[in-house]
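Below is one structure, written out as structure tokens; comments come after it.
The values are calculated or read from the model by the stated rules, or taken from the named source; none is laboratory data. Note that the structure is predicted; figures quoted are calculated from it, not measured. Cβ sites come from the backbone with ideal geometry, for glycine too, and all protein chains shown count toward neighbours.
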Amino acid sequence: MKIDLHVHSTCSDGRLTLNAIFKEATKKGVGLISITDHDSVDCQTDAKMMADKYGINYLYGLELSVNFPHPAYKDLKPISLDFLAYQYDIHYKPLVTKLNELRAHRKKRAEQILDNINRELVKQNLKEFTHKDLEEIEKSVDGAFGRPHIADYMVRKGITSSRQEAFNRYLIKCNVPKLPLTLIDASRLVKGARGKLFLAHPNHPRGTSLINITTDICEQQKIIYETMMPYIDGIECWHSAHDKESTESYIEFAKKAGLMVSGGSDCHQQPVLIGTVDVPDYVAQQFDIHLSGD
């Protein structure tokens, strides 16, 4: 059976509802899944119930954005890295409190981003966004408010033809930093909730990854070994944006470092990638989950 431990729903910046996700997972023969929404546990109870309904094993999941500075690269500003949390207590109060704080900041951030976009719209003699537009965007948000929600609204308003165009023309230029979360704090919160923390897609060529510090995989792994080992439990080796070389190298590194391994599609939208990444069954066994046929 297939495994997908990195899927996003409409509770953060995904375009698929939980119902659509589980229907697709069933169709693809997924036997273990995790919904890993950004800074949000709001859908986890419903996701577990739906997984039980469809007869699919489920891992509680979460994706956290971490502000990561590296002392060996003093000329670089801190970069954003993504970390995945699994098998944690979704009711752990310090974690829930922090996620609520991050969500509140996301709304303020969205307001500031819209202000920045308005300055660009004025230059183009286009109508500015108003508070009513912000309210309309909020209606499409089930969980964590992010830039993709703004991008989708810009498409609906006819300002851009696609989400990607919205990012290219406005959202990258008009971005406002997220509320900083350090790796130490992320680890403390997840381990306090009896969960496991994984570095996500470390060599993602277009995403938030170590490639923004160095494209050399050996150098990336040196950074992980020197700065992350006390705080993480594993690495996401299989990912839809990882090539064969990246996957094999990170599997070997994780084995030598004594780290767990995970993998998933990181499915957000079209095309629907759920179940398309070949993750081996032993990944499930690390979490004491045995798929049928194991």
For the subset of the stretch 44-93 comprising residues that are touching a Phe, Trp or Tyr at 6+ places or on another chain (Cβ under 8 Å) and β-branched (Val, Ile, Thr), which member is modelled with the lowest pLDDT?
79
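Matching residues to (1) assigned by TED's automatic domain parsing to the domain that holds residue 275; (2) without any contact (Cβ under 8 Å) to a residue 40 or more places away in the chain; (3) surrounded by 13 or more Cβ atoms within 10 Å (Cβ to Cβ):
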| residue | (1), (2), (3) |
| --- | --- |
| 49 | yes, yes, no |
| 69 | yes, yes, yes |
| 83 | yes, no, yes |
| 114 | no, yes, yes |
| 117 | no, no, yes |
| 121 | no, yes, yes |
| 128 | no, yes, yes |
| 137 | no, yes, yes |
| 150 | no, no, yes |
May I ask you to list the residues in the stretch 1-31 that are in a loop (DSSP other than H, G, I, E, B) and out of contact with any Lys or Arg (no Cβ under 6 Å at 6 or more places or on another chain)?
1, 8, 9, 10, 11, 12, 13, 14, 15, 16, 17
With among the hydrophobic types (A, V, I, L, M, F, W, C) and not assigned by TED's automatic domain parsing to the domain that holds residue 24 as the only criterion, which of 291, 273, 197 stands out?
291
If you check residue 34 against the conditions, is it hydroxyl-bearing (Ser, Thr, Tyr), in contact (Cβ under 8 Å) with a residue 60 or more places away in the chain, in the same structural domain as residue 236 (by TED's automatic domain parsing) and not in a strand (DSSP E or B)?
no
Residues (at pLDDT 95 or above and either loosely packed, with under 14 Cβ neighbours inside 10 Å or not assigned by TED's automatic domain parsing to the domain that holds residue 59 (or both)) located in the stretch 244-270:
244, 245, 248, 252, 255, 256, 258
So for the stretch 169-190 (the condition being modelled with pLDDT of 95 or more, in the same structural domain as residue 216 (by TED's automatic domain parsing), aliphatic (A, V, I, L, M) and surrounded by fewer than 20 Cβ atoms within 10 Å (Cβ to Cβ)), does at least one residue qualify?
yes
